[in-house]
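Read the structure below first, then the notes.
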Amino acid sequence: MAIVAGVGMAAFGRHPDKTVADLGVEAALGALSDAGLQWKAVEGMYCGAAGAGLTPGTRVSALLGLTGIPVVNIDNASASGSSAFRSACRDVDTGAADIVLAIGVGKSGRTLRLDGGVGAPEPGTAEYRERQIGMMQGVLPPAGVFAMRTRRRMHEFGSRIEQFAAVAVKNRKHASLNPYAQMRGPLTIEDVLNARMVADPLTIPHCCPVGDGGAAAIVVSERKARELGISAAVRAIASQFRTPTLAGVMDAQDADTTTVTVDAADAEAGLGPKDIDLVQVHDAFTVEEIEYCESMGFCERGQGEFAVERGELSIGGRIPFSTDGGLLSRGHPLGPTGLAQVHETVLQLRGQAGERQVEGARTGLLHMVGIGGVCLVHILQRA
């Protein structure tokens with residue numbers, strides 16, 4: 001079984017003086033130090049990045065030192081870092097390696113396209129036609145998609161916009177206790193309601209900030225963990241990956257795919273919702289945390305808003321969500337986001353999360369989705 005021996009991060013935010021590779025090196029060195037290992041001990045590396053240029057992992061490894069190990073670069077949109085972590089765990093679980101580094105890197109300032117290009121496609125090109133067809137099929141800017149999903153819940157369940165704003169406020173409170181978070185300043189319901197509109201009814205605080213950052217994890221085999229004398233081991237007891245089975249509006253099936261993926265992870269781990277102590281969720285927009293809380297089985301459909309309002313998803317509540325601030329306040333540089341979830345969960349399960357510590361935390365669920373409905377779920381548990 002794969003064991004997370006070390007984690008590291010480069011704080012999320014704006015770092016104009018640092019390259020993608022610089023951010024990756026900072027996170028990787030942090031993870032190596034945390035594990036008590038040297039770079040030369042690493043046998044393989046997976047790098048999750050979206051729109052970070054060609055072979056960012058190779059650039060990171062060159063700065064760490066050219067040791068000749070295999071370096072695999074993965075682009076799975078928001079789920080890139082989670083995909084890198086899953087790949088590292090599988091290498092260890094299959095016996096392909098004893099020590100593997102998973103990193104994620106991201107840098108703002110680049111406009112990404114679904115066809116893999118950067119910037120707006122030129123009229124008359126195949127890429128331009130693809131985008132026009134996609135828009136007719138329901139491929140909208142993410143804020144538009146989640147604004148519609150918010151409106152749908154308001155219509156179907158009588159939800160109030162203040163309840164969605166409460167998600168942003170809760171996550172900002174968690175982020176205020178996290179030195180790696182991008183957005184740490186105070187935030188109130190009134191601040192959210194009065195902020196600039198992005199896509200009605202969503203104002204800016206309903207939407208995650210992009211930025212720069214890096215995150216990393218060292219994954220080792222049980223044999224290697226014993227050699228290293230790791231006593232408070234955090235094990236990856238489940239790793240599941242699913243994609244949609246139906247074509248349609250972009251991201252419209254995220255909740256359904258989440259249910260399938262979480263159910264598979266629960267079955268792999270032999271656990272259920274009542275066994276989970278904390279959750280890191282893909283909360284790029286406030287409505288997502290509410291929908292995924294329901295689709296994961298932590299509350300009934302139509303009750304997610306009220307669970308937030310009652311404080312059930314806050315630190316100290318029934319099932320804390322996004323204890324480091326989540327995408328909404330910790331930030332979302334795409335590539336490293338899933339590994340930032342690993343970083344936070346490992347600290348929580350070790351009892352090292354400081355003021356944001358979830359008391360008695362032993363098992364955490366990590367959830368990320370990427371454009372097109374890619375969904376990854378991991379369950380980590382302290383031995």
To the nearest 20 debye, the range 168-255 has a Cα-centred charge dipole, built from +1 on Lys and Arg Cβ and -1 on Asp and Glu Cβ, of 440 debye
For the range 190-233, the Debye formula with one identical point scatterer on each Cα and no solvent gives log10 I(q)/I(0) at q = 0.24 Å⁻¹ as -0.86
Expected sort for 42-55, 365-378 on mean C-beta neighbours within 10 Å, highest first, is 365-378, 42-55
With the charge dipole of the chain built from beta-carbon charges (+1 for Lys and Arg, -1 for Asp and Glu) about the Cα centre, the Cα from TYR292, ALA52, PHE306 projecting farthest to the positive end belongs to ALA52
Taking Lys and Arg as +1 and Asp and Glu as -1, residues besides LEU271 with C-beta under 15 Å from its C-beta add up to -1
With no solvent term and unit scatterers on the alpha-carbon positions of the chain, Debye gives log₁₀ I(q)/I(0) at q = 0.09 Å⁻¹ of -0.47
Counting only backbone N atoms under 18 Å from a point 7 Å out along Cα-to-Cβ of GLU268, the residues of the range 328-370 in range are 338-343, 345-346, 363-370
Among LYS18/LYS224; LYS18/LYS40; LYS170/LYS274, the pairs whose Cα-Cα distance exceeds 26 Å are LYS18/LYS224
Among GLY317, HIS378, GLN341, the residue whose Cα sits farthest towards the positive end of the charge dipole of the chain (+1 at Cβ of Lys and Arg, -1 at Cβ of Asp and Glu, taken about the Cα centre) is GLN341
For the range 99-106, in residue order, the Karplus 3J(HN,Hα) values (coefficients 6.51, -1.76, 1.60; θ = phi - 60°; whole Hz; Gly and Pro = x) are 9, 10, 9, 10, 10, x, 9, x
On the formula 1/(1 + (r/R0)^6), with r taken between the Cβ atoms of GLN352 and LEU29 and R0 of 25 Å, the FRET efficiency rounded to 0.05 is 0.85
Quick calc, the chain, dipole around Cα centre from Cβ unit charges on Lys, Arg (+) and Asp, Glu (-), nearest 20 debye, gives 440 debye
At R0 = 45 Å the Cβ-Cβ FRET efficiency linking ILE69 and ARG318, nearest 0.05, sits at 0.55
Full extension between THR188 and THR58 adds, at 0.36 nm per residue less the Cα distance, a length in nm of 42.5 nm
Placing +1 on each Lys and Arg Cβ and -1 on each Asp and Glu Cβ in the chain, then taking the dipole about the Cα centre, the residue among LEU246, VAL210, ALA361 whose Cα reaches farthest towards the positive end is VAL210
Toy charge model, Lys and Arg Cβ at +1, Asp and Glu Cβ at -1: the range 242-370 dipole around Cα centroid in debye, rounded to 20, equals 360 debye
Contact order relative to length for the range 1-47, counting C-alpha pairs under 8 Å separated by 6 or more residues, stands in percent at 46 percent
With 0.36 nm assigned to each residue of separation and the Cα-Cα distance removed, PHE157 to ALA96 gains 17.0 nm
Taking the alpha-carbon centre of each part, the distance from the range 253-308 to the range 339-383 in Å is 13 Å
Highest mean packing first, using Cβ neighbours within 10 angstrom, the peptides 186-199, 287-300 sort as 287-300, 186-199
Computed over the Cα atoms of the range 132-235, the Rg and Dmax in Å are 20.0, 57
P(r) over all Cα-Cα pairs of the range 325-383, 5 Å bins from 0 to the longest distance, whole percent per bin, short to long, reads 4, 17, 27, 24, 17, 7, 3, 0
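Where a number appears in this text, it was derived from the coordinates with a stated rule and is not lab data. Just so it is clear, the structure is predicted and the values come from calculations on it, not from any experiment. When we count neighbours, we look across all protein chains shown, and the Cβ atoms used for this are built from the backbone with ideal geometry, even at glycine.
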